[in-house]
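Engineer: Encoded as structure tokens, here's the structure I'll be asking about.
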Amino acid sequence: MRMMLALLFTVFTATTAIAQDKPYAELVQSIVDSELQAWIDDPDLIFAINEQNEINDGMSMLRIEGLDKRWISQDGAGPMIWDLLDRQASILMRERRELSNGVITEIILMDAFGLNVAISDPTSDYYQGDEAKYQDTYLVGPNAIHISDIEFDDSTQQWQTQVSKTVLDPETGQPIGAITFGINADAIPQ
């Protein structure tokens with residue numbers, strides 16, 4: 001984690017204006033590759049994705065839209081959200097977020113449909129499949145990574161970039177889902 005803080009400090013202090021070409025992207029990707037990949041490969045997270053993929057096999061878009069509407073109607077606090085937050089994978093992700101000392105603002109684990117499998121914190125929606133964090137990773141393939149612009153995130157109430165990556169099944173090497181890490185721009189040591 002110390003290496004991640006040092007790299008993030010370099011990224012954000014060297015970048016005075018965030019341009020569309022994202023001059024911080026290469027360093028952020030190296031953080032994912034060196035510091036966060038072990039989190040991504042955690043057997044508990046892999047199990048959670050595979051289990052949900054099996055449960056959701058054949059799910060229709062109509063059903064996905066219905067689940068997303070129900071999630072949104074709970075406005076951050078309701079049975080569907082609490083159930084997801086109580087899952088072992090979500091607890092693990094909250095612990096990891098806490099271990100980052102404020103650098104990681106959120107972690108979202110998605111299945112093959114773009115639905116939340118586990119979350120460190122409540123998200124504004126259940127379906128991520130219509131967003132770049134899923135479309136530019138899982139749908140692209142095994143080595144795909146997406147790094148967003150630095151923006152104010154309503155769900156975390158912080159300035160952050162989201163770094164997303166395809167999650168692979170270690171036995172088959174095939175994409176099974178995606179993961180997103182929110183990285184807090186304000187938590188970087190000055």
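The values are calculated or read from the model by the stated rules, or taken from the named source; none is laboratory data. Remember, it's a predicted structure, so these values are computed and weren't measured experimentally. Positions of Cβ are generated from backbone atoms using ideal geometry, with glycine treated the same way; all protein chains shown enter the neighbour counts. All accessible areas refer to the heavy atoms of the entire protein, side chains included, with ligands and DNA or RNA removed. Shrake-Rupley method; radii C 1.70, N 1.55, O 1.52, S 1.80 Å.
Engineer: Might you report the magnitude of the Cβ-based charge dipole of region 118-160 about its Cα centre, with Lys and Arg at +1 and Asp and Glu at -1, to the nearest 20 debye? Show your work: numbers first, answer last.
Structural biologist: Values: 1 positive and 9 negative charges, 44 e Å.
Roughly 220 debye for region 118-160.
Engineer: Oh, and also: Hey, can you rank 109-122, 91-104 by average C-beta count inside 10 Å, highest first?
Structural biologist: So the order, starting with the most tightly packed, is 109-122, 91-104.
Engineer: Work out, step by step, the length gained on full extension between Thr172 and Asn56: first 0.36 nm times the residue separation, then minus their alpha carbon distance; give nm to one decimal.
Structural biologist: 39.8 nm
Engineer: If I compute solvent accessible area with a 1.4 Å probe over the protein chains, what percent of it on region 86-190 is carbon and sulfur?
Structural biologist: Heavy-atom surface of region 86-190 belonging to carbon and sulfur, 1.4 Å probe: 45 percent.
Engineer: Determine ³J(HN,Hα), in whole Hz, for all residues of region 155-161 in sequence, where each value follows from phi through the Karplus function 6.51 cos²θ - 1.76 cosθ + 1.60 and θ = phi - 60°; x replaces Gly and Pro.
Structural biologist: Once rounded to whole Hz, the list reads 6, 9, 6, 9, 6, 7, 10.
Engineer: Sticking with this one: Could you tell me the ratio Rg/Rh of region 78-190? Both radii from Cα atoms, Rh via Kirkwood.
Structural biologist: Numbers: Rg = 13.6 Å, Rh = 14.2 Å.
Computed over Cα atoms, the ratio is 0.96.
Engineer: So how far apart, in nm, are the two label points at Ala38 and Glu98 if each is 7 Å from Cα heading toward Cβ?
Structural biologist: Placing both labels 7 Å along Cα→Cβ, they lie 1.9 nm apart.
Engineer: Kindly report the accessible area of region 27-109 per residue (heavy atoms of protein chains, probe 1.4 Å, no ligands, DNA or RNA), in Å².
Structural biologist: Ligands and nucleic acids excluded, the figure is 53 Å² per residue.
Engineer: Give me, ordered by chain and number, the residues 5 or more places off Ala144 or on other chains with an amide H under 5 Å from its own placed amide H.
Structural biologist: Hits under the 5 Å cutoff: Thr166.
Engineer: Using amide H atoms built 1.01 Å from N in the peptide plane, name the residues 5+ places from Gln158, or on other chains, whose amide H lies under 5 Å from its own.
Structural biologist: Counting only residues 5 or more places away or on other chains, the set is Asp153.
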